[in-house]
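The values are calculated or read from the model by the stated rules, or taken from the named source; none is laboratory data. Quick caveat: nothing in here was measured; it's all calculated off a predicted structure. Glycine also receives a Cβ, built like all others from the backbone with ideal geometry; neighbour counts cover every protein chain displayed. In case anyone asks, the SASA skips ligands and DNA or RNA and just uses the protein heavy atoms, side chains included. Shrake-Rupley method; radii C 1.70, N 1.55, O 1.52, S 1.80 Å.
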Amino acid sequence: MAKQIGLQIQEPKFSMDEVYNADECFISAATIILLPAIKADGKAINGGKIGEYTTKLRELYKEILKAQAKMI
């Protein structure tokens with residue numbers, strides 16, 4: 001999905017300082033679709049705002065799920 005909106009995939013280890021200073025963060029899992037992370041340890045990430053790519057990925061994932069549901 002990420003490649004469909006022009007994102008490169010990387011899964012490096014990261015520090016909490018990198019999380020606090022990130023432009024955006026999210027948690028993904030089949031059961032929660034895509035959960036924006038706007039705080040970590042009580043500290044705002046990106047001023048507490050949901051990021052642009054988080055929103056785009058979430059909407060794309062919802063579209064895919066809806067299309068798959070119609071096939072059932």
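Residues satisfying the criterion are present in the range 48-55 (criterion: touching a helix residue (DSSP H, G or I) at 6+ places or on another chain (Cβ under 9 Å) and in a helix (DSSP H, G or I)).
Pairing each residue of the range 50-72 that is touching a residue at least 12 places away in the same chain (Cβ under 8 Å) and closer than 18 Å to T31 by Cα with any residue that is surrounded by 12 or more Cβ atoms within 10 Å (Cβ to Cβ) and of a type in the set (S, T, Y), provided the two are 6+ apart or on different chains, yields C-beta distances under 9 Å for L57/S28; Y61/S28.
Quick check on K56: is it among the basic types (K, R) and surrounded by fewer than 15 Cβ atoms within 10 Å (Cβ to Cβ)?
Judged against the criteria, K56 is not a match.
When you look at D41, is it on the phi < 0 side of the Ramachandran plot, among the acidic types (D, E) and free of Cβ contacts under 8 Å to residues at least 60 places away in the same chain, yes or no? When the stated conditions are applied, D41 does not pass them. Within the range 1-46, can you find the residues that are in a strand (DSSP E or B) and open to solvent by 50 Å² or more (accessible area, probe 1.4 Å)? Scanning the range 1-46 gives F26, I27, S28, L35, K39, K43, A44.
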